[in-house]
Amino acid sequence: MRRQIEGARGVAETVAACRPHVVCAYPITPQTHIVEGLGVLVKTGALAPCEFVNVESEFAAMSVAIGASAAGARAYTATAGQGLLFMCEALYNTSGLGLPVVMTVANRAIGAPINIWNDHSDAMSQRDSGWIQLYAETNQEAMDLHLQAFRLAEELSVPVMVCLDGFVLTHAVEPLAVPDQAAVDAFLPPYAPRQVLDPDAPLSIGAMVGPEAFTEVRYLAFHRQLEALRRIPEIAADFAARFGRDSGGLLHTYRCDGARTIVLAMGSVLGTLKDTVDELRAQGEPVGVVGLTSFRPFPMEAVREALGGAERVIVLERAFAAGVGGIVSADVHTALAGLDRRRHTVVAGLGGRPVTRASLRAMLADALAGRLGPLTFLDLDHDLVKRELERVRRHHRSGPAAENILRDIGTVAAGPH
Amino acid sequence: METQEIRYFQVGSRAVGNRLLDPGRRTAQADPERANALTCGHRACQGCGEALGARYVVDAALRASAGRLVAVNATGCLEVFSTPYPESSWQLPWLHSLFGNAPAVATGVAAALRATGRDDIRVLAQGGDGGTVDIGFGCLSGMFERDDDVLYICYDNEAYMNTGVQRSGATPPAARTMTTQAVGDEPGNPFGQGKNLPLIAMAHGIGYVATATVADLRDLEYKVTKAMGKRGARYLHVLVPCPLGWGSAPGLTLQVARLATQTGLFPVFEAERGEVTSATRIRRHAPVEEYLRLQKRYAHLFSPERLDGVIGKLQDQADRNIARFGLLDGDDAGPSAGPGATVTTGPAATRDEEIR
């Protein structure tokens, strides 16, 4: 039964239905409503038995989750942006120890400059942390992915982060279906740890591993993520059979039959992209969309198969690698190795800049007309950039770039009083 | 702690204590059924105060919890020398995560045990001074503030020893470390306000805070046992000399620790909810110089020339501690009024001299 609720609330209620034993809460926009929602559910006894721990930092949040998981409890936390970076050391520790923690990341830009709005730079910065990364297109999918995430994590002993676009999804109010508790219990069995701190069977966890064994331990982490490539579609299929809707999986295609140009993207932008592609298809243009759900592990074969038929591939990204260009693009290009295709990277929506249908229409028009270069920053204001570059060229003490640009836009007062 | 009067006649021996006591009053270490949680084969240095302290602490905690205990360890000497892959010295469930998160990880373990109906199992967290006073400070404060059910032990050897003796927030003034070398106008660690973790723990108002050293192992066991009898956040700060880092002879670890207390530099006390509840009186008041001379980390105070000003400032610090905690109050000739002391009769003064 669907209720008109905020995306964050939907996630909170779904996570509660997954029966976590320990929820670690530290506030950071735009995920805070998730942990607030869970706090109420624990305090009123709706979610029990569960310990809701208000921690003193995101580093503490992940650390509390590590301790809880190692002691045999199902552990959960949520974060975004700067918070994800603050727990970076602990992220690697969780995956390195093989603890099946599930975490929601409400994707938010990484500063400086400080920015609370949506892009993928936070999760992208942790793409090598050993965590599985699943990106939701919609709030319903985000909720559903949490169920699948707990099951996947606990089967493989790999932590999973479920990414959903901050504000765009978390703060959208729409009709959402929180899965029924009985159905969740049937889908997600109680946590049976592969390793646990137990006085009846004492063991040491977290030993130092030297050159003689480190490679093998790390290889197993690599191998487990390859296992995930197999399990993710299987778990998604089981979910579909039980809950009657498609959520998750490695990727999904939209109108790719006969598509000569395909745009690959992740997250909420897929909605706008599909609307744009519908318009073009109505005009007879053979354009399609690949929505990537599993970014880590990266489904090389599935991506190659989905994109292989197109002559032109555009990767639309919500982050970029300074000094290089696209991040997702790099993996897509690897998937397309040996295939002669026109390849484009379009970086869009940084720091919450809306990605509009008009902009996507123009991007596709450029692509179809052969005007799209290999790397484009969508909706970049070249004039603003030129002005700052000129300022830097003229004065050594040109001042902080962000403030200069904001002043040019008129957001801050122009110069000292 | 209850005391028992015994008669001890053997002069020149250190084998005093347990075998003369009622079995019920003996230490956990005297018990052949002891857990031996930190078993032999670890790689600690000869004379390591931390290895000694940890063995006493964890076995006492295991006895107090009837074997139902989980330990969380920060990165540091104890963690490194006890778990050289593929071996482990630990004979209890033991988790090492990161350097700065032992208090938070322990909080997580305690939360998990409570949520899964197993909070008969107790949680012990261990870290060195670096992991406690510096990098783990935020997490420790959070654990205190929430009053999480964790007993946190800080093994204080007054520097980052495992990485080669670098200064920490717990390094005493004038001490030589690799990042506060004995050169320049102010050789060794500068004089600052210090960072007194036991007092900071008291300021958090938690239910039990105590200091101890490896010089008085019965007192250490007593305090661990007492702490285990309580719930909520508890903190025990144990001074553990490091022969390598302090430049002291491995065989003098206990003596150096004892001098730290007998000079007043390291006050031994207990506190509950922010109030000091007991302080162990100094039995034989020693000048700080007696303590400093045993450690090469203070060698620059005596050679090539005496830095009387610095020695004087350290003496002032010791005297302030004595005044603050009343460490010389009361009748000097009588037995110590503090807890954890075995009452003995006999030529105590002579025995102390002979130990020296």
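The values are calculated or read from the model by the stated rules, or taken from the named source; none is laboratory data. All figures in this text were calculated on a predicted structure; none of them were measured in a lab. Here the Cβ positions follow ideal geometry from the backbone for every residue, glycine too, while neighbour counts run over all protein chains shown.
Among the residues of region A:124-132, none qualifies, meaning not one is touching a Gly at 6+ places or on another chain (Cβ under 9 Å) and basic (Lys, Arg). Out of the residues in region A:148-166 that are of a type in the set (A, V, I, L, M) and not in a strand (DSSP E or B), which is nearest to A:Thr32 (Cα to Cα)? Per the stated criteria, the residue is A:Ala149. Picking from residues in region B:30-46 that are in a loop (DSSP other than H, G, I, E, B) and among the small types (Gly, Ala, Ser), the one that is farthest from the chain's Cα centre (by Cα) is B:Gly41.
Residues considered: B:Gly41, B:Gly47. Of these, the only one that is within 14 Å of chain A (Cβ to nearest Cβ) and either under 19 Å from B:Leu217 (Cβ atoms) or not polar (S, T, N, Q) (or both) is B:Gly41. Residues in region A:198-226 that are touching a Leu at 6+ places or on another chain (Cβ under 6 Å) and either closer than 18 Å to B:Ile121 by Cβ or more than 14 Å from chain B (Cβ to nearest Cβ) (or both): 3 in all. Just wondering, is there one or more residues in region B:75-85 that are free of Cβ contacts under 8 Å to residues at least 12 places away in the same chain and either touching an Asp or Glu at 6+ places or on another chain (Cβ under 6 Å) or more than 29 Å from B:Val268 (Cα to Cα) (or both)? Yes, region B:75-85 has at least one match. Mind checking which residues of region B:249-294 are acidic (Asp, Glu) and either crowded, with 20+ Cβ neighbours inside 10 Å or closer than 30 Å to B:Gly207 by Cβ (or both)? Across region B:249-294, the qualifying residues are B:Glu270, B:Glu272, B:Glu275. With respect to A:His396, is the statement that it is at pLDDT 95 or above, assigned to a loop (DSSP other than H, G, I, E, B) and closer than 29 Å to A:Ala112 by Cβ true? For A:His396, the condition - at pLDDT 95 or above, assigned to a loop (DSSP other than H, G, I, E, B) and closer than 29 Å to A:Ala112 by Cβ - is met. Considered as a group, the residues in region B:136-151 that are over 10 Å from B:Pro103 (Cα atoms) and within 10 Å of chain A (Cβ to nearest Cβ) include one that is surrounded by the fewest Cβ atoms within 10 Å (Cβ to Cβ), and that residue is B:Glu145.
Taken over region B:56-78, residues that are facing another protein chain (nearest Cβ under 8 Å), buried (at least 20 other Cβ atoms within 10 Å of the Cβ) and either in contact with a Lys or Arg (Cβ under 7 Å, 6 or more places away or on another chain) or more than 17 Å from B:Val150 (Cβ to Cβ) (or both) amount to 1.
The condition of being of a type in the set (Gly, Ala, Ser) and under 15 Å from the mean Cα position of the chain (by Cα) holds for only one of B:Ala249, B:Ala257, that being B:Ala257. Identify the residue in region B:58-71 that is at negative phi and in a loop (DSSP other than H, G, I, E, B) and, among all such residues, is nearest to the chain's Cα centre (by Cα). That would be B:Ser65. Within region B:273-291, residues that are at positive phi reach partners that are surrounded by 14 or more Cβ atoms within 10 Å (Cβ to Cβ) and assigned to a loop (DSSP other than H, G, I, E, B) with beta carbons closer than 7 Å, at six or more positions or on different chains, in the pairs B:Arg273/B:Gly205; B:Arg273/B:Gly207; B:Gly274/B:Gly205. Being modelled with pLDDT under 95 and in contact with a helix residue (DSSP H, G or I) (Cβ under 9 Å, 6 or more places away or on another chain) holds for only one residue in B:Arg283, B:Arg297, and it is B:Arg283.
Among the numbered conditions (1) small (Gly, Ala, Ser); (2) free of Cβ contacts under 8 Å to residues at least 40 places away in the same chain; (3) more than 7 Å from chain A (Cβ to nearest Cβ), the only one that B:Ser88 does not meet is (3). With respect to (1) closer than 30 Å to A:Ala75 by Cβ; (2) at pLDDT 95 or above, the lone exception for B:Cys45 is condition (1). Comparison of A:Gly258, A:Gly210, A:Gly249, A:Gly244 shows that the only residue that is closer than 30 Å to A:Leu336 by Cα and loosely packed, with under 14 Cβ neighbours inside 10 Å is A:Gly258.
The number of residues in region A:357-401 being in contact with a strand residue (DSSP E or B) (Cβ under 9 Å, 6 or more places away or on another chain), surrounded by 13 or more Cβ atoms within 10 Å (Cβ to Cβ) and not β-branched (Val, Ile, Thr) comes to 11.
Only residues that are more than 7 Å from chain A (Cβ to nearest Cβ) and in contact (Cβ under 8 Å) with a residue 12 or more places away in the chain were counted across region B:101-126, and they come to 10.
Restricted to region A:264-365, the set of strands (runs of 3 or more DSSP E) holding at least 2 residues that are more than 16 Å from the chain's Cα centre (by Cα) and in contact (Cβ under 8 Å) with a residue 40 or more places away in the chain comprises A:312-317.
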